[in-house]
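The values are calculated or read from the model by the stated rules, or taken from the named source; none is laboratory data. Since the structure is predicted, the reported quantities are computational estimates derived from the model, not experimental observations. Cβ coordinates were reconstructed from backbone atoms using ideal geometry, including for glycine residues, and neighbour counts include every protein chain displayed. Accessible surface areas use protein heavy atoms only, side chains included; no ligands, DNA or RNA. Shrake-Rupley method; radii C 1.70, N 1.55, O 1.52, S 1.80 Å.
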There are 2 protein chains.
Amino acid sequence: MAEIGEVMDHLADERRKAEFDVSAMKVVWAGSRHELEITDRMARIVASDPVFRKDNRAMLSRKELFKNSLKKAAHAWRRIIELRLTEEEASKFRSSIDEACYPDLHWGMFVPAIKGQGTDEQQKKWLPLAKKLQIIGCYAQTELGHGSNVQGLETTATFDPETDEFVIHSPTLSSSKWWPGGLGKASTHAVVYARLITNGEDHGIHGFIVQLRSLDDHSPLPGITVGDIGAKFGNGAYNSMDNGVLQFDHVRIPRDQMLMRISQVTRDGKYLVSDVPRQLVYGTMVFVRQTIVQDASTALSRAVCIAVRYSSVRRQFGSQNGGPESQVIDYKTQQSRLFPLLASAYAFRFVGEWLKWLYTDVTQRLQANDFSTLPEAHACTAGLKSLTTSVTSDGIEECRKLCGGHGYLCSSGLPELFAVYVPACTYEGDNNVMLLQVARFLLKTVSSLASGHPPVGTASYFGRAEHLMQCSCEVRTADDWLKPSVILEAFEARAARMVIACAKNVSKTSVLEEGFSEFSIDLVEAAVAHCQLIVVSKFIEKLQQDIPGNGVKETLQVLCSVYALSLLHKHTGDFLSTGCINPKQASLANEQLRSLYAQVRPNAVALVDSFNYTDYYLNSTLGRYDGNVYPTLYEAAWKDPLNDSVVPDGYHEYIRPLLKQQVTSRAARL
Amino acid sequence: MAEIGEVMDHLADERRKAEFDVSAMKVVWAGSRHELEITDRMARIVASDPVFRKDNRAMLSRKELFKNSLKKAAHAWRRIIELRLTEEEASKFRSSIDEACYPDLHWGMFVPAIKGQGTDEQQKKWLPLAKKLQIIGCYAQTELGHGSNVQGLETTATFDPETDEFVIHSPTLSSSKWWPGGLGKASTHAVVYARLITNGEDHGIHGFIVQLRSLDDHSPLPGITVGDIGAKFGNGAYNSMDNGVLQFDHVRIPRDQMLMRISQVTRDGKYLVSDVPRQLVYGTMVFVRQTIVQDASTALSRAVCIAVRYSSVRRQFGSQNGGPESQVIDYKTQQSRLFPLLASAYAFRFVGEWLKWLYTDVTQRLQANDFSTLPEAHACTAGLKSLTTSVTSDGIEECRKLCGGHGYLCSSGLPELFAVYVPACTYEGDNNVMLLQVARFLLKTVSSLASGHPPVGTASYFGRAEHLMQCSCEVRTADDWLKPSVILEAFEARAARMVIACAKNVSKTSVLEEGFSEFSIDLVEAAVAHCQLIVVSKFIEKLQQDIPGNGVKETLQVLCSVYALSLLHKHTGDFLSTGCINPKQASLANEQLRSLYAQVRPNAVALVDSFNYTDYYLNSTLGRYDGNVYPTLYEAAWKDPLNDSVVPDGYHEYIRPLLKQQVTSRAARL
């Protein structure tokens, strides 16, 4: 037991092996010195504040968990004001708290919806209230029976010209609003999406600001039934959030609470469309999905950080002459599962950074009424949302498995991270639906090639379709696979050939929609190939920039190759069946991969240190910075409520009678 | 709200579509009429008993959950006695309760360990106590620092000839026993694995029966520190089990509590090995892993049942002329993810059935001192354990995602099913370690080909290695892929070529172990190919038997083809790079798959009905037999403790002050 209480860095040897400048890599990961400084400062303030404690989350009951999250939200608001944080700092402060709660929706959905869809007048009225938290808002779109298909929503908003009001109503059980975060217990207001009906005509889905609860005593207003939808995946995880159910029984709101920037209803019930382009809505989608890609790299890197550190501490098998066993991270099979995820975390970081630029670019174009790049930007963000969240979900669980049995304990941090992360595959566009949207865009791109429309942005490689359909891969040695141009052409050729093959198959069917449906499985695979190409190409572009710091660029080059070649290995079938590479070249790629893993190995711990996560943030017995895993696991165990007493509650009623053979009179006779 | 309370079968249309006799398929799934009858009867008794209620599991605190599981265990024991159940019935009764608790380990590990490793005398003493539950036992093998590598365990059992006792001791923190189920709070005894030391010599790991707690008041005996290791993945899930930590401080036990069937320590401390073959231990492993494969088919089928039924109820997009939207199960992309899992559930069922036979066969041979098939049987069960549990874990999560947002609610049953299932990938042999063992066996098989040892059982296809290395696939039309012989040869050729390529690479290295390590990634992939072949071949063999029931065999043939061709599609890279098939044939396989999915579609609901699961067992708002999903989801939501009050606990302290701008004096001034 001598180990308990020791203070030493069990990973010091690992850190000495690093071949690059960790502090420079931290800047690369954060995006800039400025970002690193703010993130670091906010993370430390939160980590040192006992109110934000989270190591007990998995042990709290639902009610305790929820109340605690309200406490944290209130304390965060107080601290943000006291510390006079800028908007940028406040946002990082909130995300450092790492607990799902109503402010996520208030700041992330309610405020942006009013900004994006409200008239200037509406913004002037509602934004100050929201920004001071005089009202708390959520975003009530999905219904019990309606998720992905927004056009299928059933809630109605019927204009009553007599009173100049809208009547908001839930006509069926399946029209109950269902899932909105912050709705169940916390919000006073919601942006509610409903079918606008005026003069007996259905004008489709529009947004309305609806007050839900009294600002005096928080009781639901007349006609409103609201509550929480119940426990979700994981112990703590997303259960700190009050995802809600909401039903309207003919609730009346003033006409001016319809969000009227894009379309209006006049006093006499006429429906008008303003000259503000509808495409602005897509701009918001690009923004939201861009943040989701950033969040994916954060969640994945966090899981990878835990798994890399623990794999460096954990020893199993391979003891020679009674010496210590081998570090688990030295096993090739461990490396082949862990290092591609490490590389993916960096890849997603860089593609996320590029998406920020894309959003700025799209916004500027929209302001200049240039909608030409919007379909491409929309497809690109939809696809990357799908790709990065799927890989991250699976990757977190893979990291958990790579931690063996101990990864199954909540104290490892991984079960909670998985459970809180997985909804990202479903919210803001189901991942499979997203890929079908990408596929549609790709088919359109191919069909417009003939009509001379040059493809733009991430689809511009289709401009070289003729070359890509017949080019052959030049790889002759394993080292040839390190050339960015070789990688890029292989990924471009694979995507182009898959998409064009689909397009040909679809065009053979008489009805386009039937063909789309019949070949949708292939189309989804082609869309994935396209999205992977985007990530690979943005990683390569990143490395064409100047990146300061000793060994930093070289190490990232290794990761870039790991990312691309591990994908190529996983999807060898695609590359071979489209003839982009031959079996010998596939085998050389594997040979190169093995060598790359050996190059990542000494840098692995330093590469996860570069994420700059505090132990508080990781909240993991296995992922601690100092690697002091076993004493920490041991101490964490004793904190479980079940250990409050040595003899468990229930012993006298349910164990002792068995042992004493007093279960039933008949049992005693047996 | 009119839907609430309606009693009708929302899936009646789906059931009418079925093209086979569901009651006959139920017999096939259960294994026999006898099995079906018992399983069905036990399931119904449990389902109708309010003590076994489980729909509130996700809402209980850890202590409540644990106490409730003790209650269920005691009640089950009482009912088993009252109903005078046979051992077979009792076992099915317990598994119908579907809650992890100490009896799992008592009956599943403690009793078998004494049976397998105890002398006749020891069995005579301990088994009656265990069988009457006068003692409760667990199986204490793994330690904080030692999981897969049993030879690395640190706990010592040192013989003291002066007192004729063993001194059990935990010399380090990392030697603390860690994970054993039932240990933390319930067990009075344990079979403890420790290094046997006598006369200063270490004889490796042996089992010892150690009493842990007083039989009078359940307090831990002197020198014993024991407790629970804390919260695990999931809300309820495995948290009903008291996985434990255990430390010994020089605890003394009589010499005759060493399990002495295979080796003994004499009164004067001599270590003797009996003539009972050590290989018997492997026989037990074959047994345990066989049950794990059966459990995999149960868990996977349960998830698939929920996802298939809900996909048939859920409608999204595709509304034409204001009609209802399309059933989600009609989307090809949904089918391509769901139907291979449905086929896998059946495939695992049949391979599990075959493993039962294998266990009987191995046991009979061992009794006749025939060890010739043991390595093959051992590799086969290790590999199938790994393959089926990995696919099942991923498959449950895939089914959850296929249920969209609602799958994230605990009331869907899927989060809990996943969380309670995933440890199967780690316990009883980490899946990756298992595959490496299979790989070792395969390398040995290949190397002994030269020496004229004919390979046996599932490895016998290596006897045709010469043919398999050069054969070419005869597929010319999509329908050719329906021929079992074609499928079998493709899978055999793929596995043989991958294994032999690895063997060649490994043999090039000077030290075998280094070669094994260097090519371990490829070896694992080859092992997977071998295991998939076993499952495919056992499915095909099953269909060569007589299977009664209208349309039953035909439907299973479709599933068998779906299983094989979806694997072939997923691993196209393997098949192409080894030259087993060409790109055109890969494309024909996809074409055939599309057609097969269309054939599964009308039978999907009937195929999951054939599992014969009660609504109680599924415990899923989405997977109900009657498909009445939405009212059930709605009602389940209101049961959450957070809905006990309309205004949440915490409002006055943490929400109202914000809304009223009373956070800080400074805040009021802003």
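The requirement of being within 14 Å of chain B (Cβ to nearest Cβ), assigned to a helix (DSSP H, G or I) and aromatic (Phe, Trp, Tyr) is not satisfied by A:Trp126.
Just for the range A:166-180: of the residues that are over 24 Å from A:Thr266 (Cβ atoms), open to solvent by less than 10 Å² (accessible area, probe 1.4 Å) and not hydroxyl-bearing (Ser, Thr, Tyr), which one is nearest to the other protein chains (Cβ to nearest Cβ)?
Among them, the one singled out is A:Leu173.
Restricting the search to helices (runs of 4 or more DSSP H) fully inside the range B:596-670 and requiring at least 3 residues that are within 41 Å of the chain's Cα centre (by Cα) gives B:604-609, B:615-618, B:629-638. Taking the listed residues B:Thr163, B:Thr158, the one that is assigned to a strand (DSSP E or B) and open to solvent by 50 Å² or more (accessible area, probe 1.4 Å) is B:Thr158, with no other qualifying.
All conditions but one from (1) open to solvent by 20 Å² or more (accessible area, probe 1.4 Å); (2) at pLDDT 95 or above; (3) touching a Ser or Thr at 6+ places or on another chain (Cβ under 7 Å) apply to B:Ser61; the one that does not is (2).
Condition first: within 25 Å of A:Asp479 (Cα to Cα) and in contact with a Lys or Arg (Cβ under 6 Å, 6 or more places away or on another chain). Can you find one or more residues in the range A:554-571 that meet it? The answer is no; no qualifying residue exists.
Restricting the range B:606-651 to residues that are small (Gly, Ala, Ser) and open to solvent by 20 Å² or more (accessible area, probe 1.4 Å), which is farthest from B:Glu99 (Cα to Cα)? Result: B:Ser645.
Among the conditions (1) of a type in the set (Ser, Thr, Tyr); (2) within 13 Å of another protein chain (Cβ to nearest Cβ); (3) open to solvent by less than 20 Å² (accessible area, probe 1.4 Å), the only one that B:Thr381 does not satisfy is (2). Every condition in (1) under 20 Å from B:Asp295 (Cα atoms); (2) part of a helix (DSSP H, G or I) is met by B:Ile81 except one, and the failing one is (1). Would you mind stating whether A:Ala12 is aliphatic (A, V, I, L, M) and more than 14 Å from every other protein chain (Cβ to nearest Cβ)? Considered against the rule, which asks whether it is aliphatic (A, V, I, L, M) and more than 14 Å from every other protein chain (Cβ to nearest Cβ), A:Ala12 comes out as yes. Those residues that are open to solvent by less than 30 Å² (accessible area, probe 1.4 Å) and more than 11 Å from every other protein chain (Cβ to nearest Cβ), I need them from the range B:498-526; list them, please. Listed by number, the residues that qualify are B:Met498, B:Val499, B:Ile500, B:Cys502, B:Ala503, B:Val506, B:Gly515, B:Ala526.
The residue list B:Gln599, B:Gln557, B:Gln592, B:Gln545 contains one member that is surrounded by fewer than 24 Cβ atoms within 10 Å (Cβ to Cβ), over 22 Å from B:Pro340 (Cα atoms) and not charged (D, E, K, R), which is B:Gln545. Applying the criterion of being more than 8 Å from chain B (Cβ to nearest Cβ) and open to solvent by 10 Å² or more (accessible area, probe 1.4 Å) to the residues of the range A:414-430, the residue that is farthest from A:Asp522 (Cα to Cα) is A:Glu416. Could we say that B:Lys538 is among the basic types (Lys, Arg) and at pLDDT below 95 here? Against the criterion (among the basic types (Lys, Arg) and at pLDDT below 95), B:Lys538 does not qualify. Candidates A:Glu492, A:Glu513, A:Glu466: the one that is at pLDDT below 95 and either on the phi > 0 side of the Ramachandran plot or assigned to a helix (DSSP H, G or I) (or both) is A:Glu513.
In the range B:384-411, what residues are of a type in the set (D, E, K, R), in contact (Cβ under 8 Å) with a residue 40 or more places away in the chain and open to solvent by less than 20 Å² (accessible area, probe 1.4 Å)? Of everything in the range B:384-411, those that are of a type in the set (D, E, K, R), in contact (Cβ under 8 Å) with a residue 40 or more places away in the chain and open to solvent by less than 20 Å² (accessible area, probe 1.4 Å) turn out to be B:Lys385, B:Arg400. For the range A:10-27, residues that are touching a Pro at 6+ places or on another chain (Cβ under 9 Å) and open to solvent by less than 20 Å² (accessible area, probe 1.4 Å) total 2. When restricted to residues that are at positive phi and in contact (Cβ under 8 Å) with a residue 12 or more places away in the chain, the range A:443-463 contains 1. Consider B:Val150 carefully, then state whether it is closer than 30 Å to B:Asn431 by Cα, among the aliphatic types (A, V, I, L, M) and within 14 Å of another protein chain (Cβ to nearest Cβ). Yes; evaluated as a whole, the condition is true for this residue. Provide a single number: the residues in the range A:307-325 that are under 16 Å from A:Gly413 (Cα atoms) and surrounded by fewer than 20 Cβ atoms within 10 Å (Cβ to Cβ). So the count comes out to 0. With respect to (1) in contact with a Lys or Arg (Cβ under 8 Å, 6 or more places away or on another chain); (2) under 28 Å from A:Ser148 (Cα atoms), the lone exception for A:Arg440 is condition (1).
Cβ-Cβ distances below 7 Å connect the following pairs, each with a first residue in the range B:144-165 that is farther than 30 Å from A:Gly407 by Cβ, a second residue that is open to solvent by 30 Å² or more (accessible area, probe 1.4 Å) and in a loop (DSSP other than H, G, I, E, B), and a separation of six or more residues or different chains: B:Pro161/B:Asp268; B:Asp164/B:Arg267.
Collect the residues in the range B:516-529 that are in a helix (DSSP H, G or I) and over 15 Å from B:Ser447 (Cα atoms), keeping them in residue-number order.
B:Ser517, B:Glu518, B:Ser520, B:Ile521, B:Asp522, B:Val524, B:Glu525, B:Ala526, B:Ala527, B:Val528, B:Ala529
Look through A:Ala73, A:Ala90 and report the one residue that is within 9 Å of another protein chain (Cβ to nearest Cβ), at negative phi, of a type outside the set (D, E, K, R) and in a helix (DSSP H, G or I). Every option except A:Ala73 fails the conditions.
Is it fair to say A:Ile114 is farther than 24 Å from A:Phe52 by Cβ, open to solvent by less than 20 Å² (accessible area, probe 1.4 Å) and not in a loop (DSSP other than H, G, I, E, B)? Taking the combined requirement at face value, the residue satisfies it. Applying the criterion of being in contact with a Ser or Thr (Cβ under 7 Å, 6 or more places away or on another chain) and in a loop (DSSP other than H, G, I, E, B) to the residues of the range A:430-463, the residue that is nearest to A:Asn235 (Cα to Cα) is A:Asp430.
Does the range B:303-311 contain at least one residue that is farther than 29 Å from B:Trp357 by Cα, of a type outside the set (A, V, I, L, M) and touching a Gly at 6+ places or on another chain (Cβ under 9 Å)?
Yes, the range B:303-311 contains a residue that is farther than 29 Å from B:Trp357 by Cα, of a type outside the set (A, V, I, L, M) and touching a Gly at 6+ places or on another chain (Cβ under 9 Å).
In the range B:192-275, counting only strands (runs of 3 or more DSSP E) that sit wholly within it, the ones holding 3 or more residues that are crowded, with 23+ Cβ neighbours inside 10 Å and within 12 Å of chain A (Cβ to nearest Cβ) span B:244-248.
Do we find a residue being within 26 Å of B:Ser312 (Cβ to Cβ), more than 9 Å from every other protein chain (Cβ to nearest Cβ) and not in a helix (DSSP H, G or I) anywhere in the range B:573-591? Checked against the condition, which is being within 26 Å of B:Ser312 (Cβ to Cβ), more than 9 Å from every other protein chain (Cβ to nearest Cβ) and not in a helix (DSSP H, G or I), the range B:573-591 yields no hits at all. Which of the following residues is within 13 Å of chain B (Cβ to nearest Cβ) and surrounded by fewer than 18 Cβ atoms within 10 Å (Cβ to Cβ): A:Asp55, A:Asp49, A:Asp120? Exactly one of A:Asp55, A:Asp49, A:Asp120 is within 13 Å of chain B (Cβ to nearest Cβ) and surrounded by fewer than 18 Cβ atoms within 10 Å (Cβ to Cβ), namely A:Asp55.
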